[in-house]
Amino acid sequence: MEYDFATIIEPFRIHSVEPLRLTSPAQRAEAIRLAGYNLFNLRAQDVLIDLLTDSGTGAMSRDQWAAIQHGDESYAGSPSWFRFEAAVKELFPFRHVIPTHQGRAAEKILFTAIGGVGKVVPNNTHFDTTRANVEATGAEALDLVIAEGHDPSLIHPFKGNMDVDALDAVLDRHATNVPLVMVTVTNNSGGGQPVSMANLRAVSETCQRHGVPLFLDACRFAENAWFIHEREPGYGEREVADIVREMASLADGMTMSAKKDPFGNIGGWLALNDDALAEQCRNLLILTEGFPTYGGLAGRDLEALAQGLREAVQHDYLRYRIRSTAYLGDALDRAGVPVVKPIGGHAVYIDARALLAHVAPLRYPGQSLAVALYEAGGVRSVEIGSVMFGRRPDGGEQPAAMELVRLAIPRRTYTQSHIDYVIEVVTSVARDASSLPGYRMVHEPAALRHFTARFEPIV
Ligand SMILES: *Cc1c(COP(=O)(O)O)cnc(C)c1O
């Protein structure tokens, strides 16, 4: 007999474990008060299930730990560098690969080279550090995701797509002031939603017509490629690695955080084809990151990433990864918790504007929900709404497009019973959502305020 089993299991078993620390509701209430009601200010020890981010929080594999032992710490020309460069180029065959300590360092270097006052950078949706690095040069960061991408409950297979007509209009008006166009795959700030190959191709053609280069913010390239494999006609039989190469072939370069899909605890890179720009970027790299064959990384990190890149595109892994995120999202949806649909790749996004309709956007409904999830069950999430994006470059405040709370799933880290517990915590808090307070910000730092701001509940 041949059976067809429906359960998608973790394609690994546990080899080394870390203890979790249980806390009481009273301990958590005190911890979050001391943290100024900002989950970034908590001590991680006081968190039970940490869904703050999937960045750098994944479990490395046995083979990655083994690769670390091969780390060669030569200052220049280390074999670890050549293994890393080859692994990057295997998937992203750009001429130049510039290693950085994480994604934002690649952004900082790129936008220092090409940004500046009067410039405009379109993206489907800028990630927070990307927006901050564009704006820090005086340039304008423009979000051009398709209209469907703004409607949390609307089902669309590729809600991360860029509005190609809007892009075309921007390039008609500003082409000489647009140093490059970026597409974020998957669209992190827009709900972890994928971008289709057809859309990438249309964006690429539009950019070519206007003579403007296209860069990928490729942090979750493998998850995006898996969605293309699953959802886009013509890609069901293709290898994910091959789909990734096709994505790369449509672009002129990329920025990357290796703390995402490549299973790094640290790392990133900038890759591009333009020789002159690469030279300029390498000069900037040397100022702040390091020599071009290690950038901001140790040889052992380069080894772990080279191995991680190979694991990131394996089909059994990606099937489990995307299914286990959907497992959380589908359960919340069935329980009546409003979530961004369809469920994204690395995270489930709760629609706090819908769930906390009694809290005005600038009273931060997402922050209120995130605090409540921590107080109730020790689950740490993150607000992606007016706290993160509500500050205008001129210092004023305006509501963000959406008020979301993101439950990001670290890679290969939590089991199904951990997630079952999270489902219980979220559904319990959601039942009592109408009793949650709004918040006011009592300390606001000038840049990336969500990381260190402090709040008070409005009682
Ligand atoms: C994480 C991330 C970045 C920044 O990378 P860091 O490694 O955190 O500096 C940029 N863009 C997107 C889409 C990201 O998810």
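The values are calculated or read from the model by the stated rules, or taken from the named source; none is laboratory data. Predicted model, so just to flag it, every value in this text is computed and none were measured. Please note: Cβ atoms are built from the backbone with ideal geometry, for glycine as well, and neighbour counts cover all protein chains shown. What goes into the accessible areas is simple: the full protein's heavy atoms, side chains included, and nothing from ligands, DNA or RNA. Shrake-Rupley method; radii C 1.70, N 1.55, O 1.52, S 1.80 Å.
Quick notes
- Extension reserve of the Leu34-Val117 stretch, reckoned as 0.36 nm per residue once the Cα distance is removed: 25.9 nm
- Relative contact order (percent, whole number), the chain, Cα cutoff 8 Å, 6+ residue spacing: 23 percent
- On the basis of the beta-carbon distance and an R0 of 45 Å, Tyr75 and Ala354 show a calculated FRET efficiency of 0.25.
- Rounded to the nearest 10 Å², the accessible area of Thr7 at probe 1.4 Å: 110 Å²
- Summed side-chain charge close to Glu397 - residues other than Glu397 whose Cβ falls under 11 Å, Lys, Arg +1, Asp, Glu -1: +1
- Lysine pairs in the chain whose alpha-carbon atoms fall under 21 angstrom of each other, counting only those eight or more residues apart or on distinct chains, come to 7.
- Shown for the stretch 62-312 is the translational diffusion coefficient from the Stokes-Einstein equation, using the Kirkwood radius over Cα pairs, a temperature of 10 °C and a viscosity of 1.306 mPa s: 88 µm²/s.
- Divided by 2.2 N^0.38 Å, where N counts the residues, the Cα radius of gyration of the stretch 310-459 comes to 1.09.
- Taking the stretch 62-312 and dividing mean pair separation by its residue count, relative contact order in percent (alpha carbons under 8 Å, at least six apart): 32 percent
- Charge context of Asp301, other residues only, Cβ under 11 angstrom, K/R +1, D/E -1: 0
- Rounded to the nearest 10 Å², the accessible area of Asp330 at probe 1.4 Å: 60 Å²
- Each eigenvalue of the Cα gyration tensor of the stretch 247-346, multiplied by 5 and square-rooted, gives one semi-axis; in descending order these are 35, 16, 13 Å.
- Overall, the chain carries a charge dipole of about 860 debye about its Cα centre when +1 sits on the Cβ of Lys and Arg and -1 on the Cβ of Asp and Glu, all other atoms neutral.
- The stretch between Gln45 and Met1, if pulled fully straight at 0.36 nm per residue, gains 10.9 nm over its current Cα-Cα span.
- Scaled radius of gyration (Cα, divided by 2.2 N^0.38 Å) that the chain gives: 0.95
- Heavy-atom accessible surface of the chain: percent carbon and sulfur, 1.4 Å: 51 percent
- Between the C-alpha center of the stretch 401-458 and that of the stretch 331-380 there is a gap of 7 Å.
- Low-density loop positions, trypsin sites (Lys or Arg not before Pro), the stretch 2-65 - DSSP coil, at most 16 other Cβ in 10 Å: Arg13, Arg21, Arg43
- Approximating the spin labels as points 7 Å out from Cα along Cα→Cβ, the Thr452-to-His150 distance works out to 3.3 nm.
- Semi-axes of the equivalent ellipsoid of the stretch 1-62 are 35, 14, 12 Å, computed as sqrt(5λ) over the eigenvalues of the C-alpha gyration tensor in descending order.
- Within the chain, the longest run free of exposed loop sites, counting GluC sites (Glu not before Pro) that sit outside DSSP helix and strand states (H, G, I, E, B) and have at most 15 other Cβ atoms within 10 Å, spans 240-459.
- Accessible area in square angstrom per residue, the stretch 62-312, 1.4 angstrom probe: 36 Å²
- For Asn161, distant residues with modelled amide H under 5 Å away: Ile146, Ser196
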